[in-house]
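Report on the structure given below.
FYI, it's all coordinate maths here, none of it is from the lab. Note that the structure is predicted; figures quoted are calculated from it, not measured. Cβ: placed from backbone, ideal geometry, glycine included. Neighbour counts: every protein chain shown.
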Amino acid sequence: MNNKSVGRIAHQPALKFQLQSAASSISIMKARQCAKIAEFRQALIASGFVALDAQAAVLGLSRSSTWMILNRKHKASGLSSSVINRIMRSPRLPSAARDNLEEYVQEKLAGKYGHPPKRLRRFRDQLLACPSVAISSLQRDDGAARVSMMAKPLQKAD
């Protein structure tokens with residue numbers, strides 16, 4: 001046996017541990033994201049929107065999209081910027097649910113759900129690109145992007 005093959009064998013357990021550790025931390029971040037979306041659902045229920053039809057109407061989404069989001073059947077990436085923009089445009093969205101969604105966006109932009117920086121920049125840019133959602137501030141705190149979305153539908157000029 002030569003030194004080269006021995007070196008590979010010696011590093012394999014460390015690499016395996018690193019991969020398991022990384023997978024574990026990603027799982028924790030994704031679980032945190034699912035829990036935040038579950039809190040959003042609970043905010044809707046606490047505001048009196050229990051039925052799927054009522055939830056879809058208040059979110060401004062289709063029934064199927066609402067069901068997928070609120071029942072944790074969303075993509076691993078969480079809520080997309082287009083879905084968030086549509087929800088935030090809804091004039092019927094309860095303030096508790098709006099606050100929860102703003103908190104979700106801030107945490108996602110801060111990287112708490114395990115998304116890579118390039119994807120987070122694209123997410124932020126797509127949030128900012130929505131003309132009908134007023135974003136009051138976009139700040140950088142210690143390298144983490146934060147968004148405070150005081151979303152109100154824009155008034156149409158007559």
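Before moving on, here are some points about what is shown:
- For segment 36-52, 3J(HN,Hα) computed residue by residue from phi via the Karplus equation (6.51, -1.76, 1.60; θ = phi - 60°) reads 5, 5, 5, 4, 4, 4, 5, 5, 5, 5, 5, 7, x, 9, 8, 6, 4 Hz, glycine and proline entered as x.
- Cβ-defined net charge surrounding A38, 11 Å radius [Lys, Arg +1; Asp, Glu -1]: +3
- Paramagnetic label reach from K30 (point 7 Å along Cα→Cβ; backbone nitrogen cut-off under 19 Å): within segment 101-132, residues 108-109, 111-120.
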